[in-house]
1. So, restricting to helices (runs of 4 or more DSSP H) that lie completely within segment 18-119, which ones have at least 1 residues that are over 25 Å from G213 (Cα atoms), charged (D, E, K, R) and at pLDDT 95 or above?
2. Restricted to segment 1-20, and to residues that are basic (K, R) and either surrounded by 14 or more Cβ atoms within 10 Å (Cβ to Cβ) or within 16 Å of the ligand (Cβ to nearest atom) (or both), which residue is farthest from the chain's Cα centre (by Cα)?
3. Regarding segment 25-35, can at least one residue be identified that is closer than 18 Å to Y91 by Cα, of a type in the set (K, R) and in contact (Cβ under 8 Å) with a residue 24 or more places away in the chain?
Amino acid sequence: MRKNIVAGNWKMNTTLPEGIKLAEEVNAALKGFSAKCDVVICVPFTHLASINNVIDKELLGLGAENCANHVKGAYTGEVSAPMVASTGATYVILGHSERRQYYGETSETLREKVRLALDNNLTPIFCVGEVLEERENGSYFEVVKCQLEEGLFNLSAEEFGKIILAYEPVWAIGTGKTATDDQAQEMHAFIRKTIEEKYGKEVAENTSILYGGSCKPSNAAALFAKPDVDGGLIGGAALEAESFMGIVKAF
Ligand code: PEP
């Protein structure tokens, strides 16, 4: 059975002391509360090892926000999947629209990153989603299908079974403009159907598909109530323990 998951994406926010404090607050809030979903925080590289030491991994998963498309070597400034794994992290966000848009990440690069993540026992949280223009000109199904095919469909069914997907309409990220729960459901059902066509019903049914884009405590319950929405990837609202927990509690 697929899992319900709420994952935070802290992006380039918090200094190390601030990040440790936030992780400790989320961890404390999860103690004595039986969450009906897996909870994960994806944090800056600089924070991983320290946060790994202060959280209870039974309660709270830890991930990076990216990794390199090479294992090691002369790539100044890059952080590899083995490096991420060596901190204790077990998840990595790949293909976030901000990486695609500002750092020119292509499907080819992403295939390499996914391969290295899997080789190092990191669970990729793989992001797909259309920009506003594509939503408005009606090409959004095609765009998302292409991102799935080019980024992931080289994987075997067994490998694909290890991926968590996040549908993040770019026009909804950090804008306060959430996709309606019906828009999210429509795309999530389409994504599941696309997976089924490639890998069969069992793989499709077992894939967790998270929604991301201005998800907050006030709209999370309606989104998560949709049959194909298995949780959320949360940006802004993950930066305070109270609002992040408000979303966790929406399940
Ligand atoms: C994100 O960037 O993954 C995201 C969902 O951001 P926000 O929740 O701030 O829209």
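The values are calculated or read from the model by the stated rules, or taken from the named source; none is laboratory data. Not measured: the values here are computed from a predicted model. In this analysis, Cβ positions are derived from the backbone assuming ideal geometry, glycine residues included, and neighbour counts consider all displayed protein chains.
1. Numbers: elements: 48-54, 81-86, 97-102, 107-119.
Qualifying helices (runs of 4 or more DSSP H): 107-119.
2. Of all residues in segment 1-20, those basic (K, R) come to 2-3, 11.
Next cut, either surrounded by 14 or more Cβ atoms within 10 Å (Cβ to Cβ) or within 16 Å of the ligand (Cβ to nearest atom) (or both) only: 2, 11.
Numbers: R2: 15, K11: 12 Å.
Per the criteria, the residue is R2.
3. From segment 25-35, those closer than 18 Å to Y91 by Cα are 26-27; that's our starting set.
Right, trim to of a type in the set (K, R) and you get none.
No; the residues of segment 25-35 include none that is closer than 18 Å to Y91 by Cα, of a type in the set (K, R) and in contact (Cβ under 8 Å) with a residue 24 or more places away in the chain.
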